[in-house]
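The values are calculated or read from the model by the stated rules, or taken from the named source; none is laboratory data. All values reported here derive from a predicted model rather than from experimental measurement. For neighbour counting, all protein chains shown are included, and Cβ atoms are generated from backbone atoms with ideal geometry for every residue, glycine included. Note: areas computed on protein heavy atoms with side chains; ligands, DNA, RNA excluded. Shrake-Rupley method; radii C 1.70, N 1.55, O 1.52, S 1.80 Å.
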Protein chains: 2
Amino acid sequence: MPLFMDIHKHVDGLTAEAVADAHKKDLETQKKYGVNYMQYWFNEKDGTVFCLSEAPNKESALRVHKEAHGLIPEEIIEVKAGSM
Amino acid sequence: MPLFMDIHKHVDGLTAEAVADAHKKDLETQKKYGVNYMQYWFNEKDGTVFCLSEAPNKESALRVHKEAHGLIPEEIIEVKAGSM
């Protein structure tokens, strides 16, 4: 399944707890869209969040975010994982 | 050690092989700066690369890229990994 990295910027009131809660909502919502939110990274100071997901397509990944908590990323980019 | 996500955009001539080669050069260079380039993701069509590293600070992570292959990211953001 394609991989996507999305980037949220300047998220208001971002805390570790708030982003963990949003991610939990993604996990609760993702199954019906065939999406797997795999990992995320965040910066509380500038409100940045990166989310890595597997999804059938970009729209499905975005749909999960929209329905789960309404926080839509500024960008979402299809990626391949590097060979390590 | 702090974690950093960096973003390269519109890298000319990006291929899976070229980015794997650049990453290999990071791995060869990183030790002397106390950096650990952990993983990367890329998009060949638009020339985007995300690199996740552990580094003492932002400057050390950038220094490895500069010395290894000269490809400096547009942004580098200190992040915490989300609780999964």
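What the table below lists for this structure:
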read-out: Residues with amide H under 5 Å from that of A:G82, placed H, sequence gap 5 or more; value: B:Y40, B:W41, B:F42
read-out: Chain B: relative contact order in percent, alpha carbon pairs under 8 Å with at least 6 residues between; value: 45
read-out: Within 10 Å of each Cβ in A:36-43, the average number of Cβ atoms from other chains; value: 5
read-out: Area hidden from solvent between B and A (accessible, protein heavy atoms only, 1.4 Å, total, Å²); value: 2200
read-out: 27 Å Cα-Cα reach of A:K31 towards lysines, excluding residues that sit fewer than 8 places from it in its own chain; value: A:K9, A:K58, A:K66, A:K80, B:K80
read-out: Folded to 0 to 90 degrees: helix A:58-68 orientation relative to chain A principal axis, Cα; value: 40
read-out: Accessible area of the range A:18-84 belonging to carbon and sulfur atoms, whole % at 1.4 Å probe; value: 49
read-out: Dimensionless Rg ratio for the protein assembly as shown, taking C-alpha atoms and the 2.2 N^0.38 Å reference; value: 1.02
read-out: Average other protein chain Cβ within 10 Å of Cβ, residues A:7-13; value: 1
read-out: Paramagnetic reach from A:D12 (point 7 Å along Cα→Cβ, amide N under 19 Å) across the range A:48-64; value: A:48-49
read-out: Cα-based reach from B:K32 at 18 Å (exclusive), listing aspartates and glutamates while leaving out same-chain residues under 8 positions away; value: B:E54, B:E59, B:E67
read-out: Span per principal axis, largest first, for the Cα atoms of chain B (Å); value: 32, 31, 20
